[in-house]
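Just so it is clear, none of the values below were taken in a lab; they were calculated from the coordinates. All values reported here derive from a predicted model rather than from experimental measurement. For neighbour counting, all protein chains shown are included, and Cβ atoms are generated from backbone atoms with ideal geometry for every residue, glycine included.
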């Protein structure tokens, strides 16, 4: 038997003066990092099994547990870091592709943090959102060049639109990758908050059809769960071409996650791997994409906007120009920090570009071509707070997608082990014993609170800029300034340096 060169990533420290051997940690850890020693009649820990999900620490009644990063240090080397060496050890022992969950955690620049907001002072006074009306309502969909109005009323039918109370939506996360309780929480919160949630490529569970008016149904390369009733159920349809965490490759839901409920929803046999091919096998050109867009519009009587989701890549502006001309009503662009349940580590960490650059480039290109009104832009890829949302809209987005922040709100501790199916918080799992740990009603309330807090902060920031409607900020880059950015970065973003 070969010896493993891998040391534990984390250390579990137990304060024995506080620990009462109640076995809460034993029952809560799906990774079996805690066990009860019957002979010694005490709880012991196996550091090698800890993923640092914080479940045991949070629920320990006496606060006797601490998790720390393993102190083992490799000889200092800027090129051969400890992490690089550990990854080679792991592949040498397993012969497998390195997998990871959630988004890119490399220390690349976060451009949201290098963009500052302008504020009004004397000549353009600020607005008090507590005493004056502030409009956050957003409409997503194709806008006509002009409209005909008679007696103060529209005399023509507008293209179908999605109406959002705030410019935020829950991004695509499939049933299978996450639990049904998580889907229920997202759907219920979307309904309560007047926004949309997205099914992802896993189809729509029968219990979720009642949320149809707040649902975006996705059509991905695997066509899982796609049928006429599904297309009719949602308020919009999204064609998923790519996603930020793994541009250019398909998806894989392991067979152990495909139980009877997932099987019925995805329309695949129980226990079989759900493999999404990298391309749509009926899309090899913009013309093919156009045909699918209009096929979906025909299937739904032109009553629903059709969105196309792509990953942010180097030629994203040209791609989006083609998508707009192909008849899409909405384009969703997912940056390289976008998350997923499972992705090859090398793909997640090395493919794609920052959403900030992609968004600015696409907005500029569509404006230059005079077709910006033909399509709405949704920005995705690690939107962390209300300031990121405001900056994204000023760079040119109509709205944003959030996923990681939504999951964190309901309990995710970003341990990045979603692909194992052992999520201790009941989110990224199909294990019935773990799923029930997430109460969908309480989770929905937490999401409602998050959106409520963000909407207040957005109004405060708008008021500080002297703007009383989110529409007036869209693409208004004069309200942004860059800090610690070089001239090339400022040019791509289309903003001025702070102090200029």
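Bridges between two residues of the chain, per DSSP, are antiparallel at a rate of about 40%. The computed P(r) over Cα pairs in 20 Å bins from 0, in percent for the structure shown corresponds, within [x] 18, 45, 29, 7, 1; [y] 24, 58, 17, 0; [z] 22, 53, 23, 2, 0, to [z]. Distance between the modelled labels on residue 256 and residue 468, one decimal in nanometres: 5.8 nm (7 Å Cα→Cβ projection).
With helices as the sole contributors, the chain gives -8500 deg cm²/dmol at 222 nm; each DSSP H run of n ≥ 4 counts as -39500 (n - 2.57), and the sum is divided by every residue. Here the gap between residue 213 and residue 35, fully extended at 0.36 nm per residue and compared with their Cα-Cα distance, gives a gain of 59.4 nm.
For the chain, find the longest principal axis of its Cα atoms and tell me its angle to the long axis of helix 440-464, 0 to 90°, nearest 10. Here the helix axis deviates by roughly 50 degrees. Rg and Dmax over the alpha-carbon atoms of the range 124-176 stand at 16.9, 52 Å. The alpha carbon radius of gyration of the range 129-212, expressed as a multiple of 2.2 N^0.38 Å, is 1.43. Classify the range 415-454 from the C-alpha gyration tensor, please: rounded if a/c falls under 1.5, else prolate or oblate depending on whether a/b exceeds b/c. Oblate, because a/c is 1.5 or more while a/b does not exceed b/c. Between the range 95-139 and the range 419-460, how far is it from one alpha carbon centroid to the other, in angstrom? The range 95-139 and the range 419-460 have Cα centres separated by 21 Å.
Working from the pairwise distances between different alpha carbons, so that the mean of 1/r is found and then inverted, what is the range 10-96's Kirkwood radius in Å? Walk me through the numbers on the way to the answer.
Values: mean 1/r = 0.0680 Å⁻¹.
14.7 Å is the Kirkwood radius here.
What whole-number distance in Å separates the alpha-carbon centres of the range 196-247 and the range 21-48? That distance is 41 Å.
Working from Cα positions, state the angle (0 to 90°, nearest 10) between the long axis of helix 355-368 and the longest principal axis of the chain. In the chain, helix 355-368 runs at an angle near 10 degrees to the longest axis. Compared with the dominant Cα axis of the chain, that is its longest principal axis, helix 316-325 is turned about 50°. Distance between the pseudo-spin-label points of residue 367 and residue 384 (7 Å out from Cα toward the beta carbon): 2.7 nm.
Going by C-beta contacts inside 10 Å, put 197, 425 in order with the fewest on the left.
On the way: 197 29, 425 23.
Taking fewest neighbouring Cβ atoms as first place, the list is 425, 197.
Between residue 13 and residue 131, residue separation times 0.36 nm minus the direct Cα-Cα distance comes to 37.3 nm. Counted by neighbouring Cβ atoms within 10 Å, the residues 260, 386, 48 run from fewest to most as 260, 48, 386. Of 345, 138, 155, the sequence from fewest to most neighbouring Cβ atoms within 10 angstrom is 155, 345, 138. Counted residue by residue at 0.36 nm each, then reduced by the alpha carbon distance between them, the extension gain from residue 108 to residue 294 reaches 63.0 nm.
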